[in-house]
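Comments concern the structure below.
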Amino acid sequence: MNILFVNVTDAPSGAATVLLKSIQACVDKHKYYLCVPYSRRSPDKRFSTQVKEIQCPIVTVPVLSAFSVEAKWILICKFFLFPISIIKLYWFVKKHKIDVIYTNTATFFLSVVLAKITGIKHFWHFHEHPYFFNRENGLGQKELQSVKNNINSPNNTTIFLSAKQKTLWEESLGVKIQNYKIVYNPLPFTQFVSKTFTSDVKFGFMGGFDTRKNYLFLLSVFEKLHPNYPNTTLLLQGAGNQAVIDATYAQTTLQQPELQVALFSPQTEQFYKQIEVFIIPSIDDPWPLVVLEAITCGCAVICTQNSGYMEVFTDGKDVLFIDPQNPDSLYKAMEKCMDVTFRENLAKNAQQTLKEFQQKYDFSKAINDVIDNCKN
């Protein structure tokens, strides 16, 4: 079986990490012939480099994408370059006798349209909530309508990260999604580390500095919390030019070292060693991999209730779930973590639950079962 795996960009991301796991799962079981298109303008080539390290035949196809250029060129990409890319991929599919197209994001319509034109079986792996479609990301109602028009195509199977994510999409689109599978994301780390907790509470956030990650929400709550609990610190680690703005905020609004801002580093374990409580208050993270990283590294976790983790962990026992639009919800969760015994138990319970989940859930088997079903 020949599969065309489609990724939006050549830069690394949580979704790209899962795609690599998906590719590896197929290689290990079936020795599939794999094709990975990506944007030719991607500034970071780490994804294609990692793909080439997988010992199987790989063909990389540069694809013109609206997501790879500046905003002022998006309309040109949509109405001129999009058809060119469709034609290019159409002939690629015919030449290599592709049986399955696997799209690794809800936002990439090029391969969705290609699958519809060719009638090839299509798997649409959603890593986003519908909240992701907003002006900041260059997406809006037209793009949501495109999702609605294609999600129940006869040849399409949508892969969701959780039942929660599926429900939110159905509510947003106003349709019942007919053909779908739920596949939880794989664990990023397999080595569990214990942590020694102290009387000083070290909170941490890691992610992109953008509004959907809700980092300003976290900053505002911490600003209220810190005067009442001066033994607290907050470390932000992320990527993007916004880091400069946040560093200025840290220097002018709060005194160092109460608030620290650092640029993202691939050595994520070092970040988790510096903190005791990891906070992810995102509005639209259906299954943030950083939560699993934090738990395996021994941290207590405060997580958005919009994630699928509510299907795995118990609120107040393993993880503290908060409403990402309610400051009081986050404040109370951080306040609970002032108790060293509480946050220590929270971290230990989360690790135990994650170990049990790991024993009964096999991502490689789950993704292969989904793809194998297309032969029936």
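Which loop-located trypsin sites (Lys or Arg not before Pro) does the stretch 132-234 contain, where loop means any DSSP state but H, G, I, E or B and the Cβ has at most 10 other Cβ atoms within 10 Å?
Lys176
So what are the ³J(HN,Hα) numbers for the stretch 273-290, from phi and the Karplus equation (6.51, -1.76, 1.60; θ = phi - 60°), rounded to whole Hz, Gly and Pro as x?
Per-residue couplings from phi come out as 5, 7, 10, 10, 10, 9, 10, 10, x, 4, 7, 10, 9, x, 7, x, 5, 4 Hz.
What is the fewest-to-most order of Leu19, Leu216 by other Cβ atoms lying within 10 Å of their Cβ?
Starting with the residue having the fewest Cβ neighbours, the order is Leu216, Leu19.
By counting other Cβ atoms within 10 Å of each Cβ, how are His125, His226 ranked from fewest to most?
His226, His125
Taking 20 Å as the cut-off for C-alpha to C-alpha distance, list the pairs among Lys176/Lys365; Lys148/Lys365; Lys317/Lys348 that go past it.
The answer is Lys176/Lys365; Lys148/Lys365.
Using amide H atoms built in the peptide plane, which far-off residues or other-chain residues are under 5 Å from Thr304 H to H?
Ile280, Ser282, Ile322
Filter the trypsin sites (Lys or Arg not before Pro) in the stretch 270-348 down to the DSSP loop ones having no more than 13 other Cβ atoms within 10 Å, then list what survives.
Counting only loop positions with at most 13 other Cβ atoms within 10 Å, the trypsin sites (Lys or Arg not before Pro) in the stretch 270-348 are Lys317.
Quick note: the coordinates plus some simple rules give every number you see, no bench work behind them. Quick caveat, the model's predicted, so the values are computed rather than measured. So basically every Cβ, Gly included, is an ideal-geometry build from the backbone, and we count neighbours across all protein chains shown.
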